[in-house]
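Reading through the structure tokens given below for one structure.
What follows is calculated from the coordinates using simple rules that are stated; it is not laboratory data. Owing to the predicted nature of the structure, the values given are computational and were not obtained by experimental measurement. Cβ: placed from backbone, ideal geometry, glycine included. Neighbour counts: every protein chain shown.
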Amino acid sequence: MSPRVAIDLGAPAPGTEGGFGTSISMGITYHLAIRGRNLTLPVNFYLDGLAFGVGRAAISLSTISFRHPFPAALESHLYSLLTSRAAAAQRYPALQD
């Protein structure tokens, strides 16, 4: 797997003032020596980051996984929980501009 980096500046999630997402994937090979034996272990590495702004707050969700990408449905669900809770918290003065 060749290294891949992607940045997404999609439409803001409802209740937020904008956001972005990054995705990095790459193949990593570990070389281990255990009790005189050499072992080569290839692994795929995935790192995703999603962030958005609400008032003065910047909120982010990061996932790191090996072998397989983090499940997209679960990542989407967690992100929607963060955005809905952050939008509901806007009534607090500390988050206001």
Name the trypsin sites (Lys or Arg not before Pro) in the chain that are in a loop by DSSP and that have at most 13 other C-beta atoms within 10 Å, would you? Arg35, Arg56, Arg67
Test of understanding: what is the full-extension gain from Arg35 to Leu74, defined as 0.36 nm times their sequence separation minus their Cα-Cα distance? 10.0 nm
Cα-based helix-to-principal-axis angle, 72-88 vs the chain, degrees rounded to 10: 30
Restricting things to alpha carbons, tell me how big the stretch 4-89 is in terms of Rg and Dmax, in Å. 17.4, 58
Taking only Cα atoms and a 10 Å spring cutoff, compute GNM fluctuations for the chain and point out the largest among Gly49, Gly21, Gly36. Gly36
Rank Ala72, Ala57, Ala13 by mean-square fluctuation in a GNM of the chain with C-alpha springs under 10 angstrom and give only the top-ranked residue. Ala72
Mean residue ellipticity (222 nm) of the chain, computed from DSSP H runs ≥ 4 via -39,500 (n - 2.57), nearest 500: -6000 deg cm²/dmol
Per-pair calculated FRET efficiency, R0 = 30 Å: Ser84 and Met1 via Cβ, rounded to 0.05: 0.30
